[in-house]
Amino acid sequence: MTDAAGSSILAAASLEQQELFPIREVSRLTGVNPVTLRAWERRYGLIQPTRTDSGHRLYSQADIEEVRSILAWIERGVAVSKVGSILSRTSATRAQAAPSYQQAVAGEWVEWQQQVRQAVTEFDSNQLEQAYGRVFSSYPLNLVFEQVLLPVWQELLLRQDEFGRTSEWLFLDSFLRARTLQRLQLGRRSSRARVLLAAIPGQCRELELLVTGLLLGSDALEVEVLAFGQPLEELSLICEKLQPQVLVLFSNHPPAAELPRQLRRLALGLECPLALAGAAAELGEEPLAGTPIACLGSSAQVMQRRLAQFIDGHLDT
């Protein structure tokens, strides 16, 4: 058997083992009506479900996650016609950083997500605490947040117009913010180098900022997350007092046209280097190219690697 033939057989076997969902079930899970799902496929090529012999669409769990990603970008103000190029860019970046074992256990994320959903649906804090503890004992911190907890949190956030979903989202959001703050506080060590992290006002939610603080940190680096709502114009004062090695700004929205000018003006008043993290960093590399401002990306491994390179002076900006 040739390598190509073997690969084809393995790919087909993998597809057969996937759970596939009809369009009405995908609509129920995501809140997007079937007409819109078909339009996204036909007009923009955003989702490519498999087809049965009779032509009915079947969606994989990866397709469902893609639908949720599309919704997240639309919620941030991106036109649906532009979402495709954004998704292809972010997917390529994350694929380069993804370790092989992450791909190998991808099928397990659905089961872990379901455990979290079940606890949230029941508003059962003990059950949620148990699921939280079990998943952290099984996988690294970055995978737990990126593959299990934040997808469920984002799903509930996007479905708040449905009865009960706002309460469920608030329940999960409150739980995760408390646990993330706890992890940040327990990880503080005065002997490590310090990085300050602040949100660009109105361009993320508090949990996203806190989780980014965790994902940026390392054994050699402590990330101090500034209070949510921190004014940008006062960051120069804080940096003067605390003297961090780097100030990182976080935004999960597409960069506005005035953002490069705003960041360059801020950088002029700082005594430390300035970097950008989050979705804005993935999409803002071109307008910020040639400036002293570093774009760190949004996935954990990419952000950590680029931040370390930036501090060492080895990252091109």
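A few notes on this one:
- With Cα atoms, 0 to 90° folded angle of helix 125-138 axis to the chain main axis: 80
- Å³ per residue enclosed by the Cα convex hull of the chain: 161
- Rounded to the nearest 10 degrees, the inclination of helix 34-44 to the longest alpha-carbon principal axis of the chain is 70 degrees.
- Rg then Dmax, both in Å and based on the Cα atoms of the stretch 17-92: 12.2, 38.
- Environment charge at TRP109 (Cβ cut-off 10 Å; Lys +1, Arg +1, Asp -1, Glu -1): -4
- Of the beta bridges in the chain, as assigned by DSSP with both residues counted there, near 25 percent are antiparallel.
- Cut-off under 5 Å, modelled amide H: who pairs with ALA199 long-range: GLY229, GLN230, PHE250
- A crude spin-label estimate for the pair LEU181 and ARG134, with each label 7 Å from Cα along the Cβ direction, gives 2.8 nm.
- 5 angstrom amide H check on LEU276, placed H, neighbours 5+ away: LEU249, ALA294, CYS295, LEU296
- With R₀ fixed at 30 Å, the C-beta to C-beta distance from GLN114 to LEU170 puts the FRET efficiency at about 0.90.
- The trypsin sites (Lys or Arg not before Pro) found in the stretch 188-276 that occupy coil by DSSP, while having at most 12 further C-beta atoms within 10 Å, are ARG188, ARG189.
- Part-to-part distance (alpha-carbon centres) for the stretch 238-268 and the stretch 129-172, which is given in Å: 29
- The angle separating the long axis of helix 300-312 from the principal Cα axis of greatest extent in the chain is about 20 degrees.
- In this rough spin-label picture, where each label sits 7 Å from Cα along the Cβ direction, the GLU25-GLU286 distance is 3.9 nm.
Every number here is computed from the coordinates shown, using simple stated rules; none is lab data. Here the structure is a predicted model, which means the values were calculated and not measured. With ideal geometry, Cβ positions are generated from the backbone for all residues, glycine too; neighbour counts draw on all protein chains shown.
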